[in-house]
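Below: one structure, written as structure tokens.
No value in this document is a laboratory result; all are computed from the given coordinates. What you see is a predicted model, and the numbers here were worked out from it, not measured in a lab. In this analysis, Cβ positions are derived from the backbone assuming ideal geometry, glycine residues included, and neighbour counts consider all displayed protein chains.
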Amino acid sequence: MVTTFIDALRACLKEGGWAKKDSEQEEAGTFLVGVQGHLFVVHSDYQVAEPADGYAAVGCGDELALGALHVTAALDMKPRARLAAALAAADHHSAGVSAPYTYAATPRNA
């Protein structure tokens, strides 16, 4: 993640005009990436973290979503249902979060 993926990400964001550079520091957005059963948080300065709890949230409703993910961790819920619960909590309590939501996935063998 911190070499091949980040190098390709930086090149892609630069080419697309999304990367910012200020005082010789590059910056992009913060987002989540799931790869081969692992979840990573890519921060705006391209630092990569793998959450110890196996779940994470980013954005203005992240703390609300994290609370829902924490509570549902011990429940027998499918991942999509947990995501829906986390998004519903953030949506309900944050003015910056609103449906509709788009879920994206690639085939497991891709």
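So the values come out like this:
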{"read-out": "Sites GLU50 and LEU75, calculated FRET efficiency, Cβ-Cβ separation with R0 22 Å, nearest 0.05", "value": "0.45"}
{"read-out": "The chain: calculated mean residue ellipticity at 222 nm from DSSP helix runs of at least 4, using -39500 (n - 2.57)", "value": "-11000 deg cm²/dmol"}
{"read-out": "Gaussian network model of the chain, Cα within-10 Å springs - most flexible of LEU32, LEU66, LEU13", "value": "LEU13"}
{"read-out": "Hz values of 3J(HN,Hα) by residue in the stretch 53-58 - Karplus curve (6.51, -1.76, 1.60), Gly and Pro given as x", "value": "7, x, 9, 7, 8, 9"}
{"read-out": "Sorted by Cβ density within 10 Å, fewest first, the residues THR3, THR30, THR102", "value": "THR102, THR3, THR30"}
{"read-out": "Per residue, the convex hull volume that the Cα atoms of the chain enclose (Å³)", "value": "139 Å³"}
{"read-out": "Full-extension gain in nm, PHE5 to ALA105, via 0.36 nm per residue minus C-alpha separation", "value": "34.3 nm"}
{"read-out": "Ranked by how many other beta carbons lie within 10 Å on average, peptides 81-92, 35-46 from highest", "value": "81-92, 35-46"}
{"read-out": "Residues ARG80, ARG10, sorted so that the one with the fewest Cβ neighbours within 10 Å comes first", "value": "ARG80, ARG10"}
{"read-out": "Euclidean distance between Cα centres, the stretch 5-38 to the stretch 43-65, Å", "value": "15 Å"}
{"read-out": "Most mobile of GLU50, GLU26, GLU63 in a GNM of the chain (Cα contacts under 10 Å)", "value": "GLU26"}
